[in-house]
Amino acid sequence: MGPTQVFVSGYSRVLAVATIVIAVVVVLGTVGAGDLRLTLLALSGGALAGLAGWALFWRPLVEVSDGGVRVVNVLRTIEIPWPVLDRAEVRWSLVVHTLDARWTAWGAPRSSAAASAVRRSEQTRVDHGRPSAGLGRAVGRLPSAASAERVADAIAMRQASLLAAGHLDGAQARARESGLKETITWHRGTIAAALTLAALTGVLAVA
């Protein structure tokens with residue numbers, strides 16, 4: 001019925017890039033020191049910092065499609081089919097409620113007060129039939145495209161369209177009867193790499 005929407009935080013991705021750049025600069029500055037242990041420590045510590053920056057700030061996202069909602073967090077990904085999704089709400093970040101649980105989206109934080117004010121102003125103009133092209137462009141330039149408010153709106157709109165089309169008629173009852181649940185996939189590779197690099201960095205630090 002509609003295209004897949006992928007929401008990522010531009011601000012978080014800037015932090016990810018900054019973290020990786022700082023790690024690379026530290027490693028390059030240490031390599032020239034001629035101390036093998038210090039170089040190895042910088043390499044392992046830099047790799048750990050880069051991995052943390054990627055896992056914390058680059059990877060997280062929320063995807064909304066006709067199949068459901070996919071929440072990619074730091075340590076795990078949650079696939080939520082529409083029949084088990086109840087609603088999405090905005091707290092400190094996006095919270096997606098299912099029939100038996102609730103999931104917080106790390107990659108969709110609540111927007112700042114200034115961004116929320118601009119968003120409310122634009123919505124008021126649209127509701128009164130006087131949309132403003134200038135304000136529309138301003139909203140599009142907000143740094144956090146994956147704000148909790150934006151993603152919650154997208155989820156509500158997609159859910160409403162699927163309901164209106166009759167695709168979710170009786171879906172929740174059938175989901176309960178069949179035991180349909182959200183699917184959780186742990187990021188085992190990321191976790192293993194982080195633990196390995198942390199242990200190696202700790203050994204080199206005390207050697």
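The values are calculated or read from the model by the stated rules, or taken from the named source; none is laboratory data. Since the model is a prediction, treat every value here as computed from it, not as a measurement. For neighbour counting, all protein chains shown are included, and Cβ atoms are generated from backbone atoms with ideal geometry for every residue, glycine included.
Here are some notes:
- The set of residues from segment 148-195 being surrounded by 14 or more Cβ atoms within 10 Å (Cβ to Cβ), without any contact (Cβ under 8 Å) to a residue 60 or more places away in the chain and not aliphatic (A, V, I, L, M) comprises 149, 153.
- Qualifying residue in segment 13-35 (condition: basic (Lys, Arg), on the phi < 0 side of the Ramachandran plot and modelled with pLDDT of 95 or more): no
- Residue pairs whose Cβ atoms lie under 6 Å apart, separated by 6 or more positions or on different chains, with the first residue in segment 1-14 and more than 18 Å from residue 68 (Cβ to Cβ) and the second assigned to a helix (DSSP H, G or I) and among the hydrophobic types (A, V, I, L, M, F, W, C), are 12/57; 13/58.
- Strands (runs of 3 or more DSSP E) wholly inside segment 10-111 that include at least 3 residues being buried (at least 19 other Cβ atoms within 10 Å of the Cβ): 61-65, 68-72, 85-90, 93-98, 102-109
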